Structures are given as C-alpha cells and as structure tokens.
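**Q** Dropping a structure here in structure tokens format, bear with me for questions.
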Amino acid sequence: MSFSRGLFGKPPDPAHIEKVLRALSLWDKKDNRVMTLSGGMKRRLLIAKALSHEPRILFLDEPTAGVDVELRKDMWDVVRDLKESGVTIILTTHYIEEAEEMADRVGVINKGEMVLVEKKAELMRKLGKKRLVLHVAERLDSVPPALSAFNLTIGGDGHELIYDYDTRAERTGVATLLGTLTEAGVRIRDLHTDQSSLEEIFVGLVNEPKKESESAP
C-alpha cells in the first residue's frame with residue numbers, strides 16, 4: 001500500500017493507509033503476505049491500493065464481484081464517502097441494485113453498445129412506471145367486466161387488483177379507476193403503490209427490439 005502510494009509521488013502517510021485498510025476490513029491482515037489472503041480479500045486489497053494515493057478520478061471494474069453481502073455493503077460505504085469527498089467514480093457492475101444505490105448517472109451497455117446514458121433520477125422518471133396494488137375484500141376469479149378498460153391483472157390469489165400506469169401521462173386514470181370500482185361494487189381493504197426498479201428498467205432496455213435503419217443499404 002505504501003509502495004503504491006509512493007509510485008504516484010505521494011509522501012508517506014501511515015494514517016491514511018490505516019484508514020483505508022480499516023474501511024475495507026483489512027487492517028488485521030496488514031502484515032500478511034498477499035498470497036495468504038482469500039480471493040475476496042485480494043479484491044479488496046486491489047481497491048485499497050487504488051485508494052492509497054488519494055485519486056480524484058477512480059475506475060472500479062466490478063469491485064464487489066465474489067464479495068459476500070456484508071462486505072459488499074461496507075465497500076458501498078467506502079465508495080459513498082469517496083463520492084461525497086468529490087472523487088469522480090466510474091463503476092462497472094452486474095449488480096443492478098449497486099448502481100441504483102450509488103450512481104448519479106447510469107449507462108446501459110447491451111451487446112457491446114452503449115444504449116443509454118442518463119442521470120439516474122431522470123431515467124427513473126422517464127422510463128419508470130408506477131403500479132397501484134388494490135387489496136380487495138372478496139376474492140376475485142377474474143376482472144369484473146366493468147373494469148375491463150383499465151387492463152387490470154389479478155394477483156395475490158385473487159385478493160389483489162394490479163394497475164400499471166405512467167406517471168408522465170396527463171391523466172393516470174387512478175381517480176377514474178377508484179370511482180369505477182365503487183360503481184362495480186368492488187370493496188377495497190387497502191392499497192399501495194410500487195415504483196419500477198432500475199433492474200426492471202434495465203431488463204426492458206436490453207430486451208427492447210432494435211429499430212431497423214430506415215436508410216437503404
């Protein structure tokens with residue numbers, strides 16, 4: 001760690017080295033030979049070496065692959081602290097929840113092609129959909145004919161009516177749906193809404209059919 005720091009012309013700083021090793025749960029291994037470390041520890045050591053010289057731009061290529069859940073969350077905390085201190089971080093990951101947890105901007109790569117780069121909040125707003133889940137008092141075997149226009153689906157073994165809607169639409173149809181439910185005699189015990197996750201948006205993007213070029217070959 002100290003040697004890596006020196007390669008970048010940085011003066012010795014034992015306090016910084018200790019801080020990084022403790023943050024990555026490696027301090028008790030500070031005197032161990034690298035070959036004696038587990039695979040997960042070696043991966044964390046690579047990150048520690050990258051942090052040894054206090055970089056302002058940091059590239060992390062799947063840093064949490066092969067790391068257990070508890071240590072993954074510790075590493076998220078380290079990355080979060082770096083981001084808050086002003087470090088620019090480029091992170092590649094197959095863990096969508098990792099991107100959703102930490103990223104400000106998200107890029108989606110599909111089959112080697114960058115299909116989208118967007119601020120996370122804007123991406124969730126533009127491509128995310130909301131779902132209204134209605135818990136009905138009496139079990140339903142099918143959607144009542146009076147509600148057929150709303151494209152509802154049944155869940156919860158017949159005790160839920162599920163309505164997907166676009167928050168960007170001028171009218172979501174929620175108010176009309178609730179009114180129609182009353183007219184149809186469907187009693188609601190409870191309701192809640194869910195927002196599309198980044199993973200659902202990602203799956204939708206990579207499975208979207210590729211548009212054919214309109215130009216002649």
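**Q** Can you name the residue in segment 67-99 that is over 18 Å from the mean Cα position of the chain (by Cα) and small (G, A, S) and, of all such residues, is farthest from K29 (Cα to Cα)?
**A** Per the criteria, the residue is G86.
**Q** If a residue must be surrounded by fewer than 17 Cβ atoms within 10 Å (Cβ to Cβ) and either among the aromatic types (F, W, Y) or at negative phi (or both), how many such residues does segment 45-64 contain?
**A** Looking only at that region, the number is 9.
**Q** Still on this structure: When you scan segment 29-42, do you find a residue that is of a type in the set (V, I, T) and surrounded by 17 or more Cβ atoms within 10 Å (Cβ to Cβ), even just one?
**A** no
**Q** May I pose another question? List pairs: first in segment 69-80 and farther than 11 Å from E98 by Cα, second part of a helix (DSSP H, G or I) and small (G, A, S), Cβ under 9 Å, 6+ apart or cross-chain?
**A** L71/G40; D74/A23; D77/A23; V78/A23
**Q** Next question. Residue by residue through segment 73-127, note down the ones that are modelled with pLDDT under 80 and of a type in the set (G, A, S).
**A** A99, A121
**Q** P11: farther than 18 Å from G86 by Cα and not in a helix (DSSP H, G or I), yes or no?
**A** It is true that P11 is farther than 18 Å from G86 by Cα and not in a helix (DSSP H, G or I).
**Q** Also: Being in contact with a His (Cβ under 7 Å, 6 or more places away or on another chain) and not charged (D, E, K, R) is the filter; apply it to segment 1-45 and report the residue that is farthest from K73 (Cα to Cα).
**A** F8
**Q** A184 fails exactly one of the following numbered conditions: (1) exposed (fewer than 15 other Cβ atoms within 10 Å of the Cβ); (2) at pLDDT 80 or above; (3) in the same structural domain as P63 (by TED's automatic domain parsing). What is the number of that condition?
**A** (3)
**Q** Which number in (1) touching a strand residue (DSSP E or B) at 6+ places or on another chain (Cβ under 8 Å); (2) of a type in the set (V, I, T); (3) surrounded by 16 or more Cβ atoms within 10 Å (Cβ to Cβ) marks the one condition that V67 misses?
**A** Result: V67 passes all but (1).
The values are calculated or read from the model by the stated rules, or taken from the named source; none is laboratory data. Only a predicted model underlies this, so the values are computations on that prediction, with no experimental measurement involved. Every residue, glycine among them, receives a Cβ derived from its backbone with ideal geometry; neighbour counts consider all protein chains shown.
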